[in-house]
Each structure stands twice: as C-alpha cells, then as structure tokens.
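Have a look at this one.
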Amino acid sequence: MTVTQKYSHPSVVAAVSDPRQKPFLRHSSRSEPLPTEISSPVSGQKSFGWASEPIKKLAGPIALYSAVILICVYSFFPIYWMIISSLRAPQRLFLDTSLVFWPPDLSSYRSLLELTNYTANFLNSTLMAMATIIVSTTLSAFIAYGATRLRFRGKTTLVASMLFAYMFPPLMLAIPMSALFRMAGLSDSLWGLLVAHLAISLPLGVWLLWGFFKSMPFDLEEAAMVDGCSQFSAFIKVVLPLSAPGLITVGIFSFLLSWADYVFALILIMSDQNKTLPVALASMLGAQDLRWGEILAGASLIALPLFVIFTFCYRYFVAGLTAGALKG
C-alpha cells in the first residue's frame, strides 16, 4: 500500500507500511485523527471513502422518508381540507384559508341535519353496508370452500371468470340490472340495491378466500373428522377461525364497495326515502344554490365510518391482503 507525501507524521507512515507498527498506530490515533484522503496506487485519484460512508448510509433513508411524507401529504391534505372547511362559518368559507383555526363552527352540520333527510339516508347506507358484509362474506366463504375442496372440471376457470364483471364500468351493469329489477318487481327497492352490491362484492370475496382455502392443508380437516366432526363442522370450527384475516378483508372490501357506491344507487333508486348517502349528498348540488358548507359536512360524516374501520382493522386488512397474495 502506498501513501502520499501529505502524510507527514512518521508514525502514521510507518504503521501503514509496516504491520508491526500497529500498536503504535493505535496509540497515536488517540491524539491525532487519521486523514481520510487516500490516493489510489493505480490511478492516483483521491477518494474520500471514510468520510462519505455516513452520507451514503443516510441518503437512502432520507430519500425514502421524504417520499413517504410527500405521498402522505398528497393523499391526506384534501381530506384534512374538507374537514376543516366544514367547520368554518358559511360566510367565511371562501375567505378564510388558514390551515388551523379556533373555535370551530358547527352551523353547517346543524343545517345539514335540519334541512335534509340525512338521518334516513345514513340509515339506508348503514343497512346496505351491513347486509352486504354479512351476505357477501358468508356466500364467499361457502363458494370458495366448495371450489377448493370439491373436484369438478373447470373450477379454476369458473373462479377466474367471476372477476369478469370488473372489466366493465359499473354504468354498463347498472342499466341492464335496472330493466331486470323492473320486471322482477325490485325497482326502487333496497333489496334490488343489495343484489347489485353483491354482484360487485361477491366475486372479489370469492377470489380472496379461494387463495386462503387453497393453501390450507386438508390434514387439519381430516384430523377434525377423525375426532368425530363432519366436514361442515370441520369447516366451521377449523377452517373459518384460521381464515379470520381473509374474512375481515372481505368484509372491509364489501363495506367500502357498498358504502361508497354511487352509480347503482343513482340508477336503481328513485324515491328520496330510499336514497343512500352518496346520492343524497349529490342531490344537494342545485343549479342556483350551492350549499358547500352542508356538502362538506355531509362528506365528512360519510368519511367518518371509514376512518373508524381502518383505525381498528387495518392490521387485519393488511395481513389479509398479504396472505391472500402469497397463498393465492
């Protein structure tokens, strides 16, 4: 190893050139720090490896956290602006642009509850979401279990074809559904809307649970049946508890699809007493009077259940998505 003439300290030069001087090098390094500039014996170029290593180690985490912060601000700032705008006084809605203010004004929320049928619309959306969760999760579990345990031709193609409806926009499905429900006597009915919500949530639930049940060994069910359980009892007592993350994921997806649905509710529901929240909120956009305070207050109340669900269930949601992706 060669060292440039910049190293004027004899002990450093001797220690670098002669390995026997390492104890002296350790002794001298306590009083004077070693230089970090070393010349390459081949090209003669100078490198600052020791000094730049901490910078290289910090560059990656800094860039990663900066990107995460930027994405979070981009995603959550519109929601934050919606909430604080709903807490402003209506006369100062377009005049006050501060990000933090106090005290909040609840006049938009009071006006929303007094002048609109928001309570009944909220109840309709809640009933539709709960019914969609229960029916979709139950049917998805039975269909996915039968597709993985029963042997018949084309079952893989059958499960894959259930996602065929997602290739089309919801409007293309809602128009023929409206004609069919009119002939079946389900037009302007929450039962017809429930069937439409199941048409978009059931295929996704079957696809997610199919990955869980397919990777689950049949030995567990055989052991339960040896102990006296029937196959149905083994499914209820063994398979379903082990598939809890997948069931929670299907329930969350079903809730999101039903709670935020606008197209099916707009086409299938005509009466005001059966409208759900997205349609009722959109009907407040009049041609002459735009009550933005009430609209922002209603949108904040619509987003409130979503925040509550993801706060308590996000761990199961992420675990279900990850396990379904790996096991499917």
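The values are calculated or read from the model by the stated rules, or taken from the named source; none is laboratory data. All figures in this text were calculated on a predicted structure; none of them were measured in a lab. Don't worry about glycine lacking a Cβ; one is built from the backbone with ideal geometry, like all the others, and counts go over all protein chains shown. The area values use the complete protein model at the heavy-atom level, side chains included, leaving out ligands, DNA and RNA. Shrake-Rupley method; radii C 1.70, N 1.55, O 1.52, S 1.80 Å.
Over all directions, how big on average is the projection of the convex hull of the alpha-carbon atoms in region 107-172, in square nanometres?
Projected over every direction and averaged, the Cα hull of region 107-172 covers 7.1 nm².
Using a 1.4 angstrom probe on heavy atoms only, work out the carbon and sulfur share of the accessible area of region 57-103 in %. Walk me through the numbers before you get to the answer.
Values: 3000 of 3800 Å².
Answer for region 57-103: carbon and sulfur cover 79 percent of the accessible area.
Something else now. For q values of 0.14, 0.24 Å⁻¹, compute log₁₀ I(q)/I(0) with the Debye formula on a Cα-only model of region 57-103, without solvent.
Debye intensities relative to I(0), on a log10 scale: -0.50, -0.83.
With N residues in region 71-206, what two-decimal value do you get for its Cα radius of gyration over 2.2 N^0.38 Å?
1.54
Using mean Cβ contacts within 10 Å as the protection proxy, how do 241-247, 191-197 order, highest first?
191-197, 241-247
Still on this structure, please answer the following. HN-Hα J couplings of region 249-254 from phi, Karplus 6.51/-1.76/1.60, θ = phi - 60°, integer Hz, Gly and Pro as x?
With coefficients 6.51, -1.76 and 1.60, one gets 5, 5, x, 5, 4, 5 Hz.
Stokes-Einstein at 10 °C, 1.306 mPa s, Kirkwood radius from Cα pairs: D for region 111-323 in µm² s⁻¹? Walk me through the numbers on the way to the answer.
Values: Rh = 19.0 Å.
Rounded to a whole number, D works out at 83 µm²/s.
Provide Trp102, Trp81 ordered by accessible surface of protein heavy atoms (probe 1.4 Å), highest first. Walk me through the numbers before you get to the answer.
Numbers: Trp102 215, Trp81 85 Å².
Putting Trp102, Trp81 in descending order of accessible area: Trp102, Trp81.
Now, a different point. Kindly sort Ile248, Ile302 by accessible area of their heavy atoms, largest first, with the probe set to 1.4 Å.
So, going from the largest accessible area down, we get Ile248, Ile302.
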